[in-house]
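Comments concern the structure below.
Just so it is clear, none of the values below were taken in a lab; they were calculated from the coordinates. Owing to the predicted nature of the structure, the values given are computational and were not obtained by experimental measurement. We place every Cβ from the backbone using ideal geometry, glycine too, and count neighbours over all the protein chains shown.
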Amino acid sequence: MNENFVKTAVIGHPIAHSKSPLIHNTWLGKYELNGSYEAVDIAPDVLGTGVKALVKQGYCGFNVTLPHKIAIIDLCDEIDARAKTIGAVNTVTICDGKLYGTNTDAFGFAHNILETCKDKGWDDWSFAGGRAIVLGAGGASRAVIYALLNQGVPEIVLLNRTREKADELAQMAPDKIIVRSWDERNKIVIDANLIVNTTSLGMEGKPPLDIDISLAPPDALVTDIVYAPLYTGLLQQAKGQNLRHVTGIGMLLHQARPGFELWNGVMPEVTPALIDKVLAA
Ligand code: ATR
């Protein structure tokens, strides 16, 4: 094999339905790069040996998905500050047999919104423009909140069914994050600049997200990290109220970009054609 051949992968369990191989292989082809990207199923009880095997087989790096995003931390030689704060690693680079972990979910979340605003000409909207209402305080919420703080959101109002989890997450920036009761979700949107669903509610096979955003101001932007279905109940409401809205599929695509750049040296683009290809898969 050519010594410049860049072997990469995504690890998870189950992994067969991952869209990451389609995304990365499309980019490898588009930029005419010499490499591969596969889905590798590794069960939780053999994570350590599975990862060692990747190192031995000469992989340059890999993405990490459910259920390994936290367990992989202990297998990394180093993780960066972002991954430490978010408390999860989704991207690992292998260098001289050592594993370097980072997290690109916050990048994916922010760039999905930034790029959509650019494409749609929403020049008057910005993260810094006002309060963000965040629904949910699970793993995905940590990355979203990290992104919001990084993008200069002045205040975050966090609501979660289990309030203690929201209180704990608020420790990431106690001066910027206000925790409110889950029951307040319909009225709290009244002065929102941004409304984000980070819960799994609204996803195919899960209960719907029970919220009424009719009080949201007309210049608010609404987004959902759920992308199956693409138009969740929340986004349908936003559309019905003529509010700016951003679907969740772009987060998946944009979070893949920094890893691809780390391993292949090219920062790839998310195009409408790639979005259509991934949605059709
Ligand atoms: P992820 O890592 O994808 O964020 P998670 O850590 O399991 O997944 O978090 C799921 C989120 O969805 C949590 O905020 C969870 O609320 P709890 O902390 O109270 O469990 C939220 N969630 C799941 N089912 C819910 C429901 N029926 N009503 C309200 N929130 C729900």
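With 5 Å bins beginning at zero, the pair-distance distribution over Cα atoms of region 1-155 amounts to 2, 9, 16, 18, 18, 15, 11, 7, 4, 1, 0 %.
Please compute the contact order of region 107-247 in relative form: average sequence separation of alpha-carbon pairs under 8 Å and at least six residues apart, divided by the residue count, as a percent. Please report the intermediate quantities before stating the final value.
Values: 255 pairs, mean separation 30.5, N = 141.
This gives 22 percent for region 107-247.
Per residue, the chain reaches -10000 deg cm²/dmol at 222 nm when only DSSP H runs of four or more residues are counted, each adding -39500 (n - 2.57). Normalised Debye scattering of region 76-129 at q = 0.15 Å⁻¹ gives log10 I(q)/I(0) of -0.56, counting only Cα atoms as equal scatterers and leaving out solvent. For region 231-281 versus region 167-200, the inter-centroid distance based on Cα atoms is 23 Å. For a label point 7 Å from the Cα of ALA128 along Cα→C-beta, name the residues of region 136-167 whose backbone N is under 20 Å from it. From region 136-167, the list is 145-157. Modelled spin-label separation between GLN236 and VAL266, with each label point placed 7 Å from Cα along the Cα-to-Cβ direction: 4.0 nm. Label separation (ASP175 vs LYS30): 4.0 nm, computed from points 7 Å beyond Cα along the C-beta direction. With only the Cα atoms considered, region 107-247 has a convex hull volume of 97 Å³ per residue. Here each label is just a point 7 Å from Cα along the line to Cβ, and for ALA228 and ASP119 those points are 2.0 nm apart.
Note on the chain: with a GNM built from Cα contacts shorter than 10 Å, the maximum mean-square fluctuation among GLY205, GLY101, GLY129 falls on GLY205. Treating r as the C-beta distance of THR162 and CYS95 and R0 as 30 Å, the FRET efficiency rounds to 0.15.
Shape descriptor for region 95-166: Rg over Rh equals 1.08 (Cα atoms; Rh from the Kirkwood inverse mean 1/r). Two numbers describe the Cα atoms of region 214-281: Rg and Dmax, which are 14.6, 46 Å.
On alpha-carbon atoms, Rg over Rh for region 47-118 using Kirkwood Rh?
Numbers: Rg = 13.4 Å, Rh = 12.8 Å.
Radius of gyration relative to Kirkwood radius: 1.04.
With the Kirkwood sum run over all distinct C-alpha pairs, region 187-227 has a hydrodynamic radius of 11.0 Å.
Using Stokes-Einstein with the Kirkwood hydrodynamic radius over Cα pairs, what translational diffusion coefficient do you get for the chain at 10 °C and a viscosity of 1.306 mPa s, in µm²/s rounded to a whole number? Answer from the Stokes-Einstein relation: 81 µm²/s. Taking a point 7 Å from the Cα of ASP210 along the Cα-to-Cβ direction, the residues of region 120-153 with backbone N closer than 16 Å to it are 136.
Below 8 Å, C-alpha to C-alpha, sequence gap of six or more: please give me the relative contact order for the chain in percent. Present the calculation step by step, with values, prior to reporting the outcome.
Numbers: 521 pairs, mean separation 44.0, N = 281.
For the chain, the relative contact order is 16 percent.
Residue by residue, region 269-274 carries 3J(HN,Hα) couplings of 9, 9, 10, x, 5, 5 Hz when phi is fed to the Karplus relation 6.51 cos²θ - 1.76 cosθ + 1.60 (θ = phi - 60°); x denotes Gly or Pro. Our coupling estimate for region 127-141, obtained by passing each phi through the Karplus curve with A = 6.51, B = -1.76, C = 1.60 and θ = phi - 60°, is 4, 6, x, x, 5, 10, 9, 10, 9, x, 9, x, x, 5, 4 Hz, Gly and Pro reported as x.
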